[in-house]
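The values are calculated or read from the model by the stated rules, or taken from the named source; none is laboratory data. Model, not experiment: these values are computed from the prediction. Every residue, glycine among them, receives a Cβ derived from its backbone with ideal geometry; neighbour counts consider all protein chains shown. Heavy atoms of the whole protein, side chains included, go into the accessibility calculation; ligands, DNA and RNA do not. Shrake-Rupley method; radii C 1.70, N 1.55, O 1.52, S 1.80 Å.
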Amino acid sequence: MVKEGTTDGARHGHGRDEVTITAVSTVAPALPVQEHRLPLSNLDLILPPIDVSVFFCYADPAGGRSHHPAAVLRAALAKTLLAYYPLGGEVVANAAGEPELLCSGRGVDVAEATADGTLLRDLRLGLPDESVEPLVPKKKAGVMSVQVTRFKCGGTVVGCTFDHRVCDAYSFNMFLVAWAAAARGSSAPPAPSFHRSFLAPREPAPLSCTAGNLADRLFVPVSLAPALPDTAATNRIYCVSADDVAALQASAGSRRTKLEAFTTHLWQLYAKAAAASRRQQQSCCMGVVVDGRTRLRRDGAMEAYFGNVLTIPYGVMGTDALRGMALADVVGDVHRWVAEAATGEHFRELVNWVEAQRPEPTVARAYLGRGHGCEDAMACVVSSGMRLPVGEVDFGWGRPAFASYHFPWPGGAGYVMPMPSARGDGDWVVYVHAAPEVVEVMEAEPTVFRALEEANYLFDWAD
């Protein structure tokens, strides 16, 4: 079901890069949804009210024809929202003031836009503040919104924005694959699960649920958290070549993962930036987002779970020590604190810890740069986007030529997300939200963080 709206022809960007919204409609599930409330899980409740965006660039979905691909996307979305009905709902407050889902069948706002003065290949995607911001929707209501932007060359960008409290990237990836399958007319993938019993607190809760355990060391009630620093941030998208990824892993040692090696390299770059910064911070805090699905149940029941199943362990080290150590020596520390949190017992403990704090909100200490034993550190969080199913987000007109998440969050910590390149050649696309001095250090090194244009990356391979 599609409800048409009105638009004032809103424009974003400037000059020839201007994007004009031409129509807005609300796409509801294809069949009515019986209104009901769905509680957020305790692991949803550790997420602040922030939105995340992801976008996909297609060379010419219409094949040179004049019709707008939004019609295909709207029809497929109405079908997909039958299984993914929470995305068509709203986040409201319950009697305790906590957020929960109102599954109302409200639908998803879909904006159609044009960028008639711009060729898709001319977008400077490495500078997302300039190029990506006009292409991803600013969610005004509901859980999710979509924007479909056509360029004068026929190229199209599909941008989505969703409420992180409702789901993590793993869950949204499931939705994207299902939506694309519906658009192609392919069989639907397995339906998502919303069984909150998977993440229910244990009764009675262990006495140790708040007494200095790992959950208590990684998260803190908002009332006890310091104010976030008011720091400027720069957004970039880089290419990291497969050769550079392999070289980092080789430097780390054969028993370490690519993500561990990358995180360690980034931590050392942060130390270099911290030492040279105006504040000359004496330590650096590095966090890593860990998915708990495979740790919580061994029967595969969590594979289809839709929601947040995340924790964020972190490490803190002095800038001088980080700068003076070899990557192979630091990576062992990263492995240790990631492995400590990557257990089913920690996730069950975290569920109970949140239960003990409710209804007070909580926040990850890694976001604050002020963990146990660390009063003021330059902080960053790494979240792997390597499961982004770029090749499967084919709406019937081929795989994307480029794709990336976009997450210029308001936190004081940096945020770095590596993803697979659309080329499928082992290169990474890396979204970076970081302090300007960190970006300066990244761009000063001759390898690893390469500008997309310098890497000759964009679109040529897809022609």
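Scan the stretch 305-314 and tell me whether some residue there is free of Cβ contacts under 8 Å to residues at least 24 places away in the same chain, small (Gly, Ala, Ser) and open to solvent by less than 70 Å² (accessible area, probe 1.4 Å). Checked the stretch 305-314: no residue is free of Cβ contacts under 8 Å to residues at least 24 places away in the same chain, small (Gly, Ala, Ser) and open to solvent by less than 70 Å² (accessible area, probe 1.4 Å). Any chance the stretch 331-352 includes a residue that's touching a residue at least 12 places away in the same chain (Cβ under 8 Å), closer than 24 Å to residue 84 by Cβ and either out of contact with any strand residue (DSSP E or B) (no Cβ under 8 Å at 6 or more places or on another chain) or open to solvent by 30 Å² or more (accessible area, probe 1.4 Å) (or both)? Yes: the stretch 331-352 contains one or more residues that are touching a residue at least 12 places away in the same chain (Cβ under 8 Å), closer than 24 Å to residue 84 by Cβ and either out of contact with any strand residue (DSSP E or B) (no Cβ under 8 Å at 6 or more places or on another chain) or open to solvent by 30 Å² or more (accessible area, probe 1.4 Å) (or both).
Out of (1) open to solvent by less than 10 Å² (accessible area, probe 1.4 Å); (2) in a loop (DSSP other than H, G, I, E, B); (3) more than 30 Å from residue 61 (Cα to Cα), the odd one out for residue 380 is which? Exception for residue 380: condition (2).
If the condition is being surrounded by fewer than 21 Cβ atoms within 10 Å (Cβ to Cβ) and hydroxyl-bearing (Ser, Thr, Tyr), then the stretch 407-453 contributes only 447.
A count restricted to the stretch 78-89 and to residues that are in a loop (DSSP other than H, G, I, E, B) and either in contact (Cβ under 8 Å) with a residue 60 or more places away in the chain or crowded, with 18+ Cβ neighbours inside 10 Å (or both) stands at 4. Taking the condition among the small types (Gly, Ala, Ser), at pLDDT 95 or above and over 30 Å from residue 361 (Cα atoms), does residue 111 pass? In short, yes. For residue 332, the conditions (1) over 26 Å from residue 47 (Cβ atoms); (2) under 23 Å from the mean Cα position of the chain (by Cα); (3) of a type outside the set (A, V, I, L, M, F, W, C) are fulfilled apart from (2). For the stretch 179-197, a tally of residues being crowded, with 22+ Cβ neighbours inside 10 Å and either in a loop (DSSP other than H, G, I, E, B) or under 22 Å from the mean Cα position of the chain (by Cα) (or both) returns 2. Reported count of residues in the stretch 231-259, each being open to solvent by 50 Å² or more (accessible area, probe 1.4 Å) and among the aromatic types (Phe, Trp, Tyr), is 0. Just so you know, in the stretch 90-105 the residues that are hydrophobic (A, V, I, L, M, F, W, C) and in a strand (DSSP E or B) include one that is nearest to residue 30 (Cα to Cα), and it is 103.
Out of curiosity, is residue 72 more than 20 Å from the chain's Cα centre (by Cα), over 26 Å from residue 404 (Cβ atoms) and surrounded by 15 or more Cβ atoms within 10 Å (Cβ to Cβ)? The answer is no for residue 72.
For the stretch 107-139, name all the residues that are among the charged types (D, E, K, R) and surrounded by 21 or more Cβ atoms within 10 Å (Cβ to Cβ). Matches in the stretch 107-139: 109, 112. Restricting attention to the stretch 140-164 and to residues that are under 29 Å from residue 240 (Cβ atoms) and among the hydroxyl-bearing types (Ser, Thr, Tyr), the residue that is surrounded by the fewest Cβ atoms within 10 Å (Cβ to Cβ) turns out to be 161.
Meeting the requirement of 1 or more residues that are farther than 17 Å from residue 176 by Cβ and touching a residue at least 24 places away in the same chain (Cβ under 8 Å), the strands (runs of 3 or more DSSP E) wholly within the stretch 395-455 are 414-420, 428-434.
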